[in-house]
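The values are calculated or read from the model by the stated rules, or taken from the named source; none is laboratory data. Quick caveat, the model's predicted, so the values are computed rather than measured. All Cβ positions, even for glycine, are placed from backbone atoms using ideal geometry, and neighbour counts span all protein chains on display. Remember, those area values only see protein heavy atoms, side chains included, never the ligands or the DNA or RNA. Shrake-Rupley method; radii C 1.70, N 1.55, O 1.52, S 1.80 Å.
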Amino acid sequence: MRATWWQAINIALCRASIEYYQRVRDEVGFRQKGYLWLYDADAYQRALEHLPLQRKLGHPIETLTPAEVNRRVPEIDKLDGIAGATFSPDDGLINPNLLKEHYRHRALKLGAQFLDRSYVVGFDVGGPDVRLECWQSDEALTDEGLVRLMTQDGPGEAEPGRIFELSADSIVLTSGAWTPSALKMLGLRNYTEPIRRQICLVDNRTTNLANYGMIVDTSGVYFHNEGAHILAGYSPPDEPPGYHFNYDGEPFFPK
Ligand SMILES: Cc1cc2nc3c(=O)[nH]c(=O)nc-3n(C[C@H](O)[C@H](O)[C@H](O)COP(=O)(O)OP(=O)(O)OC[C@H]3O[C@@H](n4cnc5c(N)ncnc54)[C@H](O)[C@@H]3O)c2cc1C
């Protein structure tokens, strides 16, 4: 959870989120321990250019020299290639499952209904209301079935389910990385692209990062404490967009 962004709209939206999550801190497991972002020389220059806007929009952020990084996080002891760092204390980590439950409960209280295992497979916006053609699987989908469905090949014959229709005055699309397919069905221009993110859990019993929030190294790999482990994640910037559900395994995260 961070407001350390570069466009005013993202910073303002995420500042509002931080203020909200501070109010429901325990319910969503908000560990507000900051983002420590390490940069090489070029990226540090760009990060410095973003500071005035971030600060103007009320997002506290400080700069650190490599020696200060090591003093603050002694576990970071290889400082080669680090030109500088930023630390934003208001950012932090949220438990995604608690967060989902939090929103679900709030929405239920406000009268929302959830239709689990249901997928919109067609839209009709020609009439006075919006009609959605939906497919609901009888059971949780297999991984293969889910991949087939979410990459537009449909549920396939192997998955038992039923088609039903919904209608509404208006709809809001919140389909994340799958928005291109919904926009295609609607004949609207697409602005989004799916990018694969790979993550791994490191079982390291000698290093405890529980006192820190998110750390992003100069390569863009990020890592943070996750229960008894360390979670690391990365999206190679040169990988073409697309739906890839496979994991490249340990060689992807060299030591
Ligand atoms: C591995 C990984 C790690 C991440 N780590 C972080 C992090 O540490 N911090 C952070 O802030 N962000 C992180 N993100 C990004 C964050 O998860 C996303 O930005 C966020 O979940 C987007 O929320 P959303 O509601 O827009 O979309 P999503 O959470 O993707 O929700 C979209 C929903 O729409 C549903 N859907 C799609 N098409 C249809 C359809 N046709 N019919 C019915 N339902 C449909 C999908 O099933 C899905 O449930 C991470 C992402 C990944 C992949």
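Taken over region 42-58, the criterion of being more than 18 Å from ILE215 (Cα to Cα) and buried (at least 20 other Cβ atoms within 10 Å of the Cβ) is satisfied by GLN54 alone. When the strands (runs of 3 or more DSSP E) confined to region 28-137 are screened for residues that are on the phi < 0 side of the Ramachandran plot and touching a Leu at 6+ places or on another chain (Cβ under 6 Å), those reaching at least 1 such residues are found at 84-88, 118-124, 130-137. Among residues of region 70-106 being among the hydroxyl-bearing types (Ser, Thr, Tyr) and surrounded by 18 or more Cβ atoms within 10 Å (Cβ to Cβ), the one that is nearest to the ligand (Cβ to nearest atom) is SER88.
Quick check on my filter: what residues within region 1-32 are open to solvent by 40 Å² or more (accessible area, probe 1.4 Å) and either touching a residue at least 12 places away in the same chain (Cβ under 8 Å) or within 12 Å of the ligand (Cβ to nearest atom) (or both)? Talk me through it step by step, then tell me what you get.
Going residue by residue through region 1-32, those that are open to solvent by 40 Å² or more (accessible area, probe 1.4 Å) are 1-2, 5-10, 12-13, 16, 19-20, 22-23, 25-27, 31-32.
Correct list: MET1, ARG2, TRP5, TRP6, ALA8, ASN10, ALA12, LEU13, GLU27, ARG31, GLN32.
Report yes if some residue within region 160-172 is surrounded by 12 or more Cβ atoms within 10 Å (Cβ to Cβ), among the small types (Gly, Ala, Ser), over 25 Å from GLY242 (Cβ atoms) and over 20 Å from the mean Cα position of the chain (by Cα); otherwise report no. Taking every residue of region 160-172 in turn, at least one turns out to be surrounded by 12 or more Cβ atoms within 10 Å (Cβ to Cβ), among the small types (Gly, Ala, Ser), over 25 Å from GLY242 (Cβ atoms) and over 20 Å from the mean Cα position of the chain (by Cα).
So, VAL221, is that one free of Cβ contacts under 8 Å to residues at least 60 places away in the same chain, in contact with a strand residue (DSSP E or B) (Cβ under 8 Å, 6 or more places away or on another chain) and closer than 24 Å to ASP90 by Cβ or not?
Details: free of Cβ contacts under 8 Å to residues at least 60 places away in the same chain: yes; in contact with a strand residue (DSSP E or B) (Cβ under 8 Å, 6 or more places away or on another chain): yes; closer than 24 Å to ASP90 by Cβ: yes.
Here the answer is yes, as VAL221 does meet what is asked.
Within the group VAL69, VAL125, VAL73, which residue is in the same structural domain as SER181 (by TED's automatic domain parsing) and of a type in the set (A, V, I, L, M)?
Just one listed residue meets the conditions, VAL125.
Looking at TYR35, TYR39, which one is within 16 Å of the ligand (Cβ to nearest atom) and within 15 Å of ILE215 (Cα to Cα)?
Numbers: TYR39 fails: within 16 Å of the ligand (Cβ to nearest atom).
After applying the criteria, what remains is TYR35.
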